Amino acid sequence: MNEKNILEKVMAEFPGVAFELIEENTDHPYLVIPAERTAGICRFLRDDPDLRLDALSNLSSVDEGEILTVVYHLFSYEHRHYSVLKVRVPRGAPDVPTVQTVWPGAGWFEREAYDLMGINFMGHNDLRRIMLPDDWVGHPLRKDWVEQEEYHGMGTSRNEPMDVLPLADAPEKEKQSD
Amino acid sequence: MATTASTDAVPGFRGTYFGRIKNAIISIMEGMSVTLGYLLQRPITIQYPDRTPKPVKDTLPERYRGILELDMKTCTACLACERACPIGCIKIEVVKDKETKKRYITRFDIDIAKCMYCGLCVDPCPGGAIRHTNEFEGSTSDVQYLVRRFVPPGERIEPAKPKKKEKEEAGAEGS
Amino acid sequence: MTEFITEEMTLNMGPQHPSTHGVLRFQLTSDGEVIHSVKPDVGYLHRSIEKIAEKVTYHGFMPYTDRVDYVAAMNSNFAWALTVEKLGGYQVPERAEYLRVIAAELNRISSHLIMLGVMAMDIGAVTPFPYFLRERETINDLLEELCGARLTYNYIRIGGVSSDLPDGFRDRALRFLDHFEPIIDEFNRLITYNEIFVNRLANIVIIPREQAIAWALVGPNLRASGVKWDLRKDEPYSIYPQVEFDIPVGKGEVGTVGDCFDRFIVRVDEMRESSKIIRQCLDKMPEGEIQSKLPRQLKPPKGEVYVRSESARGEMGYYLVSNGGLNPERVKIRTGSFSAMAIMEEVSKGIMIADMVALISSLDVIAPEIDR
Amino acid sequence: MERLADYIVYNLPFLQQIPRVIVDLIIMLFFATCMLLFWVALFAGITSWVERRVAGRIQSRIGPNRVGPQGFLQWIADGLKCFLKEDFVPAAADKKLFLLAPYIVFAGMFAVFVVVPFGDGLIISNLNIGIFYVLAISSLVVVGILMSGWSSNNKWSLLGGMRSAAQIVSYEIPVSLAILPVILLTGSLGMQDIIRAQGPYPWQWFAFHNPFTFIAFFIFFIGALAEGNRTPFDIPEAESELVAGYNTEYSGMRFVFFFFAEWANLYIIAALTVTLFLGGWNTPAHLYTNLFGLLHRSVDVAGTFVFILKSLFLVFVIIWIRWTLPRLRVDQMMDVCWKYFVPFSFANIVGTIIWMVLADAAPVLGYVRYILFVVGLMVPLAIAMKITRNFRLAKSEIHLNPFI
């Protein structure tokens, strides 16, 4: 089944849902689905005998300014076909239902997206920061993120030797010390 | 002794009672003959740094990416290397003398501590001025000493005349 | 009669522990030797490579991909090059494709050598590890000749490779393979089929097919669970369609399909296949260019791609969004170790501490690849 | 020892005026001190160097080669370094037990040397309960290890200590049971009596006496490895699992004591195996008439030489095993003990008794020992053949010089 047919099948299965099928500027045509229907659509994609998208190949998050996007790259080991879904949520309230119940492997991907992009996966059983310390402020992969000046009294930046250097004449010193 | 039934269900066990004893004896003998065989062979260790037949530096292949080196005589101050460096460990400052309308390099620093020896700066260099050496031992007592300065502070050096090739490069950059 | 009260013990395994490859931490709850629950704690090696990608150019990101998976850096290079080439529609000369595959497969062997040696060491046999490091050293020498570095190669460039084969490389590579193939058999005799080793690994932490797929396991870990899926074969890229090789899958040789032993033996067999690929590539390699003409400053068109390729630790996917500028808009790296680490919590209930060590090394997790 | 005392007293007449008990005591103490200083300490140290060198060569490395000629003084350097290190006690540790534990381990190991023979007449004390004393006193080590593990107040140490206790207590049983056939054949518990019951030639050794002692030999040897925490039974200090097991928190000299005990124990395992199964110091009697005719038989030079040579060979085998095999899991280790070793050991005892009765009736059974000797010879032959095959397949070259 080709990728577009899969997406069309989804659209036919869920009439009345505001889908958006996009084929431009991408290698895989994708379907933008409303956030609140994510879990149901994903369950259909996994369970439908023609689709059987049984693996969540990748879950990414993209900061697109006012909108944060969650991208699901799905794959079926049975039929060997791909499918891509996108969920767009406003930056102010980035709430997406978790797909952990559909693909258990999504748990850590969602934790990563929460940690680095600040997307709130509702219903996730263990939504903690994964890469960064628990008391880190902000979500670094957002474009407007500014690094903290210091973390627990430790500076997060150091002097660049190249900028400090013109003051001292390092190679000369080395010769003397030798 | 009665042979126990196959215990495949128990994690980590397989085979019959005596089968396992037999397997253990044979496989352990196989393993021990391999290790004893190596005991009888020449070790392969290279005793760096003082007991090598010749200095390790000389045994490195030609393409080895060691500490960067610059030939000031051929540098055209095209800044291609500075642009190519992903971490910005190369700092070049060029001033233009207003009277003679000549360009001078007043600063060419490479921070070896920061350099990740990727070789991306060598590729675009038109005259082959910047290149990797076979030098890899860079330990010093202070990280500042790892900055290589190719223009002595306070001096200015006239860059070499760009050859034809550099113009192509410059053209390619614009596209 | 006095009542015997026991309580669970919380054990902190890592970040400094001999068998956590790289810097990992596990919070174990155990009843003596038997583990009740495992909470992996990652992030000690988080170097924000995805954020760095937004600040550097497409060419300039290549050295960073070395650092994503330092044990199989060439495969990581390869994946990034494929991604950008697909996005921009850049062509690669055929000779460069062959060079890429030779380098990537050599690197795959060296990565598996590390994994197998370390796994043997975690099980308690120290000796196979130096043997494998010795073989890996030869590969490192070959790759050093080829690209100038031993670990962070930065060899593959977008639109080609950085340098052609040095003189005599072919002979030296063939001589290495001739020497290496019997060494695999010797290794099997030394450790793989050792009764103690087999008993330590057979039927330990069985990951069945369905679970492996649902938890998004990839690469050798997935194949060990009996899924015959290899991107090099099933979704061919580069010149993989032109070479012949098999995909080893877990057969449950000494236990059940998907146990630790299968994850071990799949990699042993994969080394043989890689060696086969290298031989064919060295034979078939055409003459010609190694780098297509590309501008110094790449500006791929606006758009997005998701490209997967088979790294040593399985599927390495780069999701790349471009805004048409000099820097990528967003790069998301999907690595094999990440999902392998995610499954740890699920499958490690009720095993013993010694099995935990076997599980960690059998999944072949590389800490920087998890954290990136 | 008595014979040595006889010899000394006989040759030094002024000693005859002192009561004989005191002379015996002084000679014994002198000999014990000499052994601690010149044999155990040297042996443990040098074995550590030998082990590292052998391990190096097995792993295609060189091993320590910088301190002294060929790195021979490495063990002194290491000992000195550890001696100068801070003797660190963790704040949460039970200080008294923590400090005491290494001594108990050390004492348990060293006390065994009292009955380890070195030659005909060369033994600190030829106790009439010799081997029984070994079994009893070596159990002291468990207490020390458990103490060190528990008092460290470190969970990894505790696990290591617990594993060790379980392991040593379990393996005590097959080891003791494997000794019984030998005691049955000898009719004595004394170490020298056991050796005297065997002969100088391999087929006269107890290991090849009958099929049951043949099996008992392997059970004893492997069981002794397990008691000594050597690979494949190094579960208490499994470095990839438990960091360093019971000695994780130790540093400085106390750390050295554990290793001192471990390497001394290496010799004990080897010496006991040689005593019980491999003929001990027995040398052909005519050797003396030909070679050592001048010497009194009580100073058994050739015997001591043969005994130590056999022991060193076994030490090498133990090292060789260690650097080949992986480690068992803790439940598998128990499994091996209770499901394999213990039943076989019991069968050995019964078998030996029946054998002894039958052998009296049918002397023809005496020829079985030659067959077993040939079977035993097959093992090194098979290994040699496998090595030749490996060399042929990998196109390797022999390089016998141990000093690169």
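Here is a list: C:GLU253, C:GLU244, C:GLU186. Which entry is more than 17 Å from the chain's Cα centre (by Cα), under 25 Å from D:LEU328 (Cβ atoms) and not in a helix (DSSP H, G or I)?
C:GLU253
Tally up the residues in the range C:21-70 that are in a loop (DSSP other than H, G, I, E, B) and under 15 Å from C:ILE351 (Cβ atoms), please.
Residues flagged as in a loop (DSSP other than H, G, I, E, B) and under 15 Å from C:ILE351 (Cβ atoms) within the range C:21-70 amount to 2.
Among A:LEU68, A:LEU56, A:LEU74, which is within 18 Å of C:GLU315 (Cα to Cα), modelled with pLDDT of 85 or more and more than 8 Å from chain C (Cβ to nearest Cβ)? Spell out the reasoning first.
Working: A:LEU68 fails: within 18 Å of C:GLU315 (Cα to Cα); A:LEU56 fails: more than 8 Å from chain C (Cβ to nearest Cβ).
Result of the check over A:LEU68, A:LEU56, A:LEU74: A:LEU74.
Can you tell me how many residues within the range D:161-196 are surrounded by fewer than 18 Cβ atoms within 10 Å (Cβ to Cβ) and not in a helix (DSSP H, G or I)?
Residues meeting the conditions: 2.
Which numbered condition in (1) within 30 Å of C:VAL254 (Cα to Cα); (2) more than 14 Å from chain A (Cβ to nearest Cβ) is the only one that C:PHE176 fails?
(1)
Of all strands (runs of 3 or more DSSP E) completely enclosed by the range B:39-130, which ones contain at least 1 residues that are within 14 Å of chain C (Cβ to nearest Cβ)?
Working: elements: B:68-70, B:90-96, B:103-111.
Those strands (runs of 3 or more DSSP E) span B:68-70, B:90-96.
Among the helices (runs of 4 or more DSSP H) lying completely within the range D:296-404, list those that include at least 2 residues that are under 30 Å from D:ALA226 (Cα atoms) and touching a Pro at 6+ places or on another chain (Cβ under 6 Å).
Values: elements: D:301-322, D:330-335, D:342-361, D:368-394.
Those helices (runs of 4 or more DSSP H) span D:342-361.
Only residues that are without any contact (Cβ under 8 Å) to a residue 60 or more places away in the chain and not in a helix (DSSP H, G or I): list them for the range D:26-63, please.
D:SER60, D:ARG61, D:GLY63
Take the conditions touching a residue at least 40 places away in the same chain (Cβ under 8 Å), crowded, with 22+ Cβ neighbours inside 10 Å and away from chain D (no Cβ under 14 Å) and apply them to C:PRO128. Does it pass?
Considered against the rule, which asks whether it is touching a residue at least 40 places away in the same chain (Cβ under 8 Å), crowded, with 22+ Cβ neighbours inside 10 Å and away from chain D (no Cβ under 14 Å), C:PRO128 comes out as no.
In this structure, does C:ILE196 turn out to be part of a helix (DSSP H, G or I) and within 9 Å of chain A (Cβ to nearest Cβ)?
For C:ILE196, the condition - part of a helix (DSSP H, G or I) and within 9 Å of chain A (Cβ to nearest Cβ) - is not met.
For every residue, the table says whether it meets (1) over 40 Å from the mean Cα position of the chain (by Cα); (2) surrounded by 12 or more Cβ atoms within 10 Å (Cβ to Cβ); (3) at pLDDT 55 or above; (4) assigned to a loop (DSSP other than H, G, I, E, B).
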position: A:GLY138; (1), (2), (3), (4): no, yes, yes, yes
position: A:LEU141; (1), (2), (3), (4): no, yes, yes, yes
position: A:TRP145; (1), (2), (3), (4): no, yes, yes, yes
position: A:MET162; (1), (2), (3), (4): no, yes, yes, no
position: A:PRO171; (1), (2), (3), (4): yes, yes, no, no
position: A:GLU174; (1), (2), (3), (4): yes, yes, no, no
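For the range D:301-314, does any single residue satisfy the condition of being touching a residue at least 60 places away in the same chain (Cβ under 8 Å), surrounded by 22 or more Cβ atoms within 10 Å (Cβ to Cβ) and aromatic (Phe, Trp, Tyr)?
Yes, some residue in the range D:301-314 is touching a residue at least 60 places away in the same chain (Cβ under 8 Å), surrounded by 22 or more Cβ atoms within 10 Å (Cβ to Cβ) and aromatic (Phe, Trp, Tyr).
Looking at this structure, is C:PRO220 in contact with a Pro (Cβ under 9 Å, 6 or more places away or on another chain) and either more than 8 Å from every other protein chain (Cβ to nearest Cβ) or of a type outside the set (S, T, N, Q) (or both)?
Yes; evaluated as a whole, the condition is true for this residue.
Just to be sure, is D:ARG66 crowded, with 17+ Cβ neighbours inside 10 Å, part of a loop (DSSP other than H, G, I, E, B), within 14 Å of another protein chain (Cβ to nearest Cβ) and charged (D, E, K, R)?
So D:ARG66 does not fit the description; no.
In the range C:49-59, what residues are without any contact (Cβ under 8 Å) to a residue 60 or more places away in the chain and facing chain A (nearest Cβ under 8 Å)?
Within the range C:49-59, the subset without any contact (Cβ under 8 Å) to a residue 60 or more places away in the chain is C:51-52.
Selection gives C:LYS51 alone.
Could you list, in sequence order, all residues of the range D:314-330 that are more than 7 Å from every other protein chain (Cβ to nearest Cβ) and out of contact with any Leu (no Cβ under 9 Å at 6 or more places or on another chain)?
Across the range D:314-330, the qualifying residues are D:PHE316, D:VAL317.
Please verify whether D:ALA302 is touching a helix residue (DSSP H, G or I) at 6+ places or on another chain (Cβ under 8 Å) and closer than 28 Å to C:ASP185 by Cβ, treating the condition exactly as stated. Steps first, please.
Details: touching a helix residue (DSSP H, G or I) at 6+ places or on another chain (Cβ under 8 Å): yes; closer than 28 Å to C:ASP185 by Cβ: no.
Against the criterion (touching a helix residue (DSSP H, G or I) at 6+ places or on another chain (Cβ under 8 Å) and closer than 28 Å to C:ASP185 by Cβ), D:ALA302 does not qualify.
State whether one or more residues within the range D:355-370 are among the charged types (D, E, K, R), closer than 18 Å to D:PHE277 by Cβ and touching a helix residue (DSSP H, G or I) at 6+ places or on another chain (Cβ under 9 Å).
yes
Are there any pairs with C-beta distances below 8 angstrom linking a residue in the range C:164-177 that is on the phi < 0 side of the Ramachandran plot to a residue that is surrounded by fewer than 14 Cβ atoms within 10 Å (Cβ to Cβ), with the two at least 6 apart or on different chains, and if so which?
Note: pairs meeting the criteria are C:PRO166/B:GLU62.
Confirm whether C:ALA216 is closer than 29 Å to C:MET316 by Cβ and in contact with a helix residue (DSSP H, G or I) (Cβ under 7 Å, 6 or more places away or on another chain). I'd like the intermediate steps shown before the answer.
Numbers: closer than 29 Å to C:MET316 by Cβ: yes; in contact with a helix residue (DSSP H, G or I) (Cβ under 7 Å, 6 or more places away or on another chain): yes.
In short, yes.
The values are calculated or read from the model by the stated rules, or taken from the named source; none is laboratory data. All of these numbers come straight from a predicted model, not from anything done at the bench. For neighbour counting, all protein chains shown are included, and Cβ atoms are generated from backbone atoms with ideal geometry for every residue, glycine included.
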